[in-house]
DNA sequence: AAAAATTGCTCTATCGTTTGTGCTCTCAAA
DNA sequence: TTTGAGAGCACAAACGATAGAGCAATTTTT
């Protein structure tokens with residue numbers, strides 16, 4: 001075994017460099033190196049010559065200061081916690097992509113936590129994020145219980161909620177205007193003559209589900225139609241829920257002509273059930289789903305959807321978080337609702353005059 | 001402004017607790033608190049009484065030791081870097097979910113980096129991850145260039161490649177058996193009488209694209225068919241590529257009867273193009289895509305696909321990484337290829353006797 | 001030529017934990 | 001009454017980077 005000199009033929013593990021190593025090799029102090037690398041050379045009257053040497057050697061040795069040590073000293077980690085219920089849900093994946101990119105541009109990294117829509121897990125992950133000294137958090141809480149989220153408002157670091165939120169907490173949030181979205185979906189049904197429309201609900205108690213339900217109800221009322229409670233079914237945003245509830249609904253009755261699905265996953269499950277039961281879409285039953293994805297245009301039939309402005313949501317969340325981190329004591333934005341839009345495709349049939 | 005006592009009505013930001021605060025309040029040393037919280041009370045002869053008090057107070061104050069300070073002292077952050085080309089690609093989203101969960105169960109958090117399939121970004125993110133002192137990395141490199149990835153082999157921390165990999169580097173990898181997958185797709189075409197099959201390629205130089213191409217070629221040869229190079233088109237895994245290449249292909253010729261798309265995104269783009277050109281699937285042209293997703297069964301037509309064992313890939317990656325972290329000097333697994341499977345749906349038409 | 005200002009750094013303490021070493025008791029055995 | 005062993009903890013030094021204060025040269029001013 002040789003003594004040291006990097007032997008690149010084998011997997012020679014190089015010991016991590018420190019600022020001291022650089023300093024020693026140049027015969028300067030660690031402070032100097034730190035200041036040069038922080039771009040504060042001028043400010044601290046480091047000679048151009050010294051600065052150049054430090055930079056060059058660092059580059060040559062591929063040295064970057066230990067961010068952990070830095071974080072400890074500065075009490076700032078340049079890390080943001082991102083907590084979402086399910087990264088494999090395209091809506092959240094898109095959001096994660098957007099947020100990750102936006103924050104990266106401002107020098108922040110993100111720690112990704114997937115709560116799997118589990119409250120206990122969520123609580124645990126929140127503790128974990130704090131223990132990791134994140135500078136801020138972006139969370140899409142499971143959404144049914146607020147107590148542990150409420151504690152976040154007392155934390156010394158900014159937090160922003162997204163999608164799932166609690167409007168009564170003193171924590172800013174960004175979301176689609178779910179109420180509006182539901183009404184847009186319903187209006188589309190009405191225009192095409194539908195009046196009996198089932199609602200496949202998402203997680204009860206969560207803001208998106210409740211707001212969408214409110215839109216559903218109000219749209220019916222405004223058109224002088226009665227809300228049939230037995231047409232409101234389901235309690236989760238997943239595919240399973242869409243499948244099961246549609247199955248049950250179809251066993252019981254067939255007098256409704258439209259289904260409003262609160263997520264694309266629910267819609268997907270519903271489609272499976274409809275197919276199994278030999279119900280054609282949209283000839284027998286029309287369908288509108290929340291959440292737009294490009295591939296939905298290849299569905300059979302191409303799905304009419306309510307599109308959420310995912311990018312705008314992500315951008316806004318990032319903007320709020322950055323601004324809160326810059327000036328923690330400014331008045332907080334209370335909550336922002338971004339408008340949805342209807343994407344008309346072919347899953348809604350005209351069955352009569354507009355209501 | 002009151003002095004201190006947490007005033008929960010307002011957003012009173014509580015100063016972060018430290019181990020010293022706990023120690024002081026109990027009249028013991030920080031050492032003792034640390035040892036109790038690390039579960040080393042017995043080992044260090046801390047009385048049950050003291051231990052109980054420490055635990056209780058910590059719980060009551062919701063205290064968790066500062067992981068940053070811990071990381072600095074222990075030179076171990078319990079953080080893993082996850083670098084992928086695009087989190088909004090369902091394949092990687094699924095992988096991320098799996099990996100995140102698996103690592104979390106072992107006490108590790110993940111820092112998510114999305115390179116957006118950009119080499120420069122990838123290089124930058126790798127530096128960033130090292131500077132954050134991750135204990136290990138899971139990377140799906142862009143895949144065209146290996147030099148910066150090769151450096152990883154010399155790092156003192158374990159790295160595992162996934163999906164996109166370089167087999168000649170001394171870094172373990174886990175991936176689908178892309179070669180096999182392509183052959184499975186081709187066999188399905190052959191069984192149904194197809195002999196002229198176009199290939200919509202992914203990113204040139206990346207292992208998945210090259211291996212799938214190899215499978216495509218070999219399958220043709222084995223059946224005594226000539227490889228028509230002009231039927232091999234495209235250079236990216238995205239939707240755009242699928243769309244554009246299909247358009248171009250259709251302008252030029254219509255003598256092929258099948259399309260092998262190297263990703264579901266490519267397939268999606270191809271479908272759009274086919275539709276625009278009035279080509280019916282599968283009546284006029286059959287289609288098989290790599291990457292399975294449940295919703296593909298709702299496509300028009302339901303897509304026949306090659307399914308990658310995403311969960312097994314994720315589990316395996318995690319297993320390898322954990323084992324490398326436990327015993328860094330053990331012989332490394334060189335590379336693991338997991339079998340794919342054909343999901344038969346309705347996008348392949350029978351057009352003659354099997355070849 | 002002496003005082004003042006400027007240049008170009010270095011020294012030291014610090015962030016919050018953990019660890020090796022060592023200190024002070026108490027109680028029993030010799 | 002001294003010695004020894006164990007129990008129960010505290011002290012101080014690290015981990016790597018940074019901010020404030022300070023200090024020796026050199027240059028400028030008067």
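The values are calculated or read from the model by the stated rules, or taken from the named source; none is laboratory data. As the structure is a prediction and not an experimental result, all values here were calculated from the model. Here Cβ is always computed from backbone atoms with ideal geometry, including for glycine, and neighbour counts include all displayed protein chains.
Among residues that are touching a residue at least 40 places away in the same chain (Cβ under 8 Å), in a helix (DSSP H, G or I) and over 25 Å from residue B:281 (Cβ atoms), residue A:266 is included. The residues of region B:270-303 that are within 13 Å of another protein chain (Cβ to nearest Cβ) and at positive phi amount to a single one, B:291. Looking only at residues in region B:163-187 that are crowded, with 24+ Cβ neighbours inside 10 Å and farther than 16 Å from residue B:212 by Cα, the one that is farthest from the other protein chains (Cβ to nearest Cβ) is B:173. Of everything listed in (1) in the same structural domain as residue A:211 (by TED's automatic domain parsing); (2) farther than 18 Å from residue A:210 by Cα; (3) touching a strand residue (DSSP E or B) at 6+ places or on another chain (Cβ under 8 Å), the single unmet condition for residue A:190 is (3). Taking the numbered list (1) under 17 Å from the mean Cα position of the chain (by Cα); (2) within 14 Å of chain A (Cβ to nearest Cβ); (3) modelled with pLDDT under 95 in turn, residue B:203 passes all entries but (2). Checked against the criterion of being out of contact with any helix residue (DSSP H, G or I) (no Cβ under 6 Å at 6 or more places or on another chain) and modelled with pLDDT of 95 or more, the candidates B:306, B:266, B:232, B:288 yield just one match: B:232. Would you say residue A:31 is within 8 Å of chain B (Cβ to nearest Cβ) and without any contact (Cβ under 8 Å) to a residue 40 or more places away in the chain? Against the criterion (within 8 Å of chain B (Cβ to nearest Cβ) and without any contact (Cβ under 8 Å) to a residue 40 or more places away in the chain), residue A:31 does not qualify.
Here residue A:352 passes the criteria (1) part of a loop (DSSP other than H, G, I, E, B); (2) surrounded by fewer than 23 Cβ atoms within 10 Å (Cβ to Cβ); (3) within 14 Å of chain B (Cβ to nearest Cβ) except the one numbered (3).
On the stretch given as region B:128-144, residues that are out of contact with any helix residue (DSSP H, G or I) (no Cβ under 7 Å at 6 or more places or on another chain) and in a strand (DSSP E or B) total 1. In region A:76-85, of all residues being part of a strand (DSSP E or B) and within 8 Å of another protein chain (Cβ to nearest Cβ), the one that is nearest to DNA strand C (Cβ to nearest atom) corresponds to A:79. Any chance you could count how many residues in region A:61-75 are assigned to a loop (DSSP other than H, G, I, E, B), within 6 Å of DNA strand D (Cβ to nearest atom) and more than 9 Å from every other protein chain (Cβ to nearest Cβ)? Total meeting the criteria: 0. Just for region A:37-58: of the residues that are assigned to a helix (DSSP H, G or I) and either within 11 Å of another protein chain (Cβ to nearest Cβ) or within 9 Å of DNA strand D (Cβ to nearest atom) (or both), which one is surrounded by the most Cβ atoms within 10 Å (Cβ to Cβ)? The extreme case among them is A:37.
Residues of region B:319-349 that are more than 14 Å from chain A (Cβ to nearest Cβ), touching a strand residue (DSSP E or B) at 6+ places or on another chain (Cβ under 8 Å) and not in a loop (DSSP other than H, G, I, E, B): B:320, B:321, B:336, B:337, B:338, B:341, B:342, B:343.
Search region A:86-98 for residues being under 12 Å from residue B:100 (Cα atoms) and in contact with a strand residue (DSSP E or B) (Cβ under 7 Å, 6 or more places away or on another chain), and hand back the single one that is farthest from the other protein chains (Cβ to nearest Cβ).
A:86
Here residue B:89 passes the criteria (1) within 13 Å of the chain's Cα centre (by Cα); (2) more than 19 Å from residue B:110 (Cβ to Cβ) except the one numbered (2).
For residue B:324, are the conditions met, namely being without any contact (Cβ under 8 Å) to a residue 60 or more places away in the chain and over 29 Å from residue B:258 (Cα atoms)? When the stated conditions are applied, residue B:324 does not pass them. Among the residues of region A:145-159, those that are in contact with a helix residue (DSSP H, G or I) (Cβ under 7 Å, 6 or more places away or on another chain) and closer than 20 Å to residue A:210 by Cβ comprise A:145, A:148. Scanning region A:211-229 for residues that are in a helix (DSSP H, G or I), touching a residue at least 12 places away in the same chain (Cβ under 8 Å) and out of contact with any helix residue (DSSP H, G or I) (no Cβ under 6 Å at 6 or more places or on another chain) returns A:213, A:218, A:220. Answer yes or no as to whether residue A:143 is buried (at least 18 other Cβ atoms within 10 Å of the Cβ) and either away from chain B (no Cβ under 11 Å) or over 23 Å from residue B:88 (Cα atoms) (or both). Yes: the conditions hold for residue A:143. Residues in region A:233-265 that are under 30 Å from the mean Cα position of the chain (by Cα) and under 15 Å from residue A:185 (Cα atoms): A:258, A:259, A:260, A:261, A:262, A:263, A:264. The single condition among (1) at pLDDT below 95; (2) away from DNA strand C (no atom under 16 Å from the Cβ); (3) assigned to a helix (DSSP H, G or I) that residue A:94 does not satisfy is (1).
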